[in-house]
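What follows is a single structure, written as structure tokens, with notes after it.
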Amino acid sequence: MPLISSTEMLQTARRDHYAIAAFNVHTLEMLQAVVEAAVETESPLIIQTTVGTVNHLGPDYIAHAAKTAADLTDIPIALHLDHCTDFSTIIRCIRAGYTSVMIDASMYPFEDNVNLTRKVMEVAQASGVNVEAELGKVGGVEDDIVVEEQHAFLADPEDCMQFVERTGVTTLAPAIGTAHGIYKGKPNIDFERIESIANRVSVPLVLHGGSGIPAEQIHRAVALGMSKVNIATELRIAFSEAIKDVFVIHPEENDPRKYMAPAKEAVKRLAMEKIRLCGSTGKAGVVR
């Protein structure tokens, strides 16, 4: 089936109290791995790329690979541009075939964030593309975006309600205490804030910084209204460690197929684990 917008799959997930795992991929092998994981678990899937990956591989190569994966499977797949601050890059990705984009204007004052999100919404709606926006600042490192801990701040529930009403944005990523990267201690997630925001807005909510969050915290966040869980750092680590393991045993290896295969398998195993954690196993047939 063709790539689809993530709007309907996320709305369905919110309604039925589960989440869609959204995986950041950087190579063809990683893309294949998360698709195979979704097929085997019969789960909807969101494939994500950062702006850095778009610049590295090119949006057309990425979109065509994702389109091929979607055409070869019978599960709903969306292709999402993660954490983009540049309007022209968003346009390039929509033209290439991305079905979801994130405008991250969270570093600007509220009114500027509203205006930039509206601008993206005008373009995306004409193409049936989902739009995600962020309120508050999620700490940590995501691609080239670095937010120091002291500069991170949580989203205000009333601001979230006004923001959704004024922009018409279809998906919202509120800062609720998570962080990009791997946590040094237990994540300090503000569950009351998630519930308060979910009670004020009807759109699906996105949990950024999903790598390394304990299972019980993921379950609770999803139950309260988080409909999309982003996984990036853990996938990169699994992929890289599997390659390193090959060279420990075979330092002379020079055939990429020999070290990419175990790396792909490692990502697939982790992706299946995350899909089950989000509760989307067997939900592929719900969205068509």
Of the conditions (1) in a helix (DSSP H, G or I); (2) within 16 Å of the chain's Cα centre (by Cα), GLU111 satisfies every one except a single condition; which number is it? (2)
Could you go through segment 227-236 and let me know if any residue there is under 19 Å from LEU154 (Cβ atoms), in contact with a strand residue (DSSP E or B) (Cβ under 9 Å, 6 or more places away or on another chain), open to solvent by less than 10 Å² (accessible area, probe 1.4 Å) and of a type in the set (Lys, Arg). yes
Quick check on GLY210: is it at pLDDT below 90 and either in contact with a strand residue (DSSP E or B) (Cβ under 7 Å, 6 or more places away or on another chain) or part of a helix (DSSP H, G or I) (or both)? yes
Filter segment 248-270 down to the residues that are assigned to a helix (DSSP H, G or I) and among the charged types (D, E, K, R), then identify the one that is least open to solvent (accessible area, probe 1.4 Å). LYS268
Can you tell me which residue in segment 11-52 is most open to solvent (accessible area, probe 1.4 Å), limited to those that are more than 22 Å from GLU132 (Cα to Cα) and outside any helix (DSSP H, G or I)? GLU42
Yes or no: segment 167-177 includes at least one residue that is in a helix (DSSP H, G or I), at pLDDT 95 or above and over 20 Å from ALA19 (Cβ atoms). yes
All but one of (1) at pLDDT 95 or above; (2) hydrophobic (A, V, I, L, M, F, W, C); (3) open to solvent by less than 90 Å² (accessible area, probe 1.4 Å) hold for ILE189; state the number of the condition that does not hold. (1)
Can you find, within segment 67-87, the residue that is nearest to the chain's Cα centre (by Cα) among those that are part of a loop (DSSP other than H, G, I, E, B) and free of Cβ contacts under 8 Å to residues at least 60 places away in the same chain? ASP86
Counting just the residues of segment 125-150 that are surrounded by 24 or more Cβ atoms within 10 Å (Cβ to Cβ) and not in a strand (DSSP E or B), which one comes out modelled with the lowest pLDDT? VAL138
If the requirement is being modelled with pLDDT under 95, in a helix (DSSP H, G or I) and open to solvent by 30 Å² or more (accessible area, probe 1.4 Å), which of these qualifies: GLU195, GLU216, GLU273? GLU216
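The values are calculated or read from the model by the stated rules, or taken from the named source; none is laboratory data. These figures come from a predicted structure and were not determined experimentally. Using ideal geometry, Cβ is built from the backbone for each residue, glycine included, and neighbour counts are taken over all protein chains shown. Surface accessibility is based on the protein's heavy atoms, side chains included, excluding ligands, DNA and RNA. Shrake-Rupley method; radii C 1.70, N 1.55, O 1.52, S 1.80 Å.
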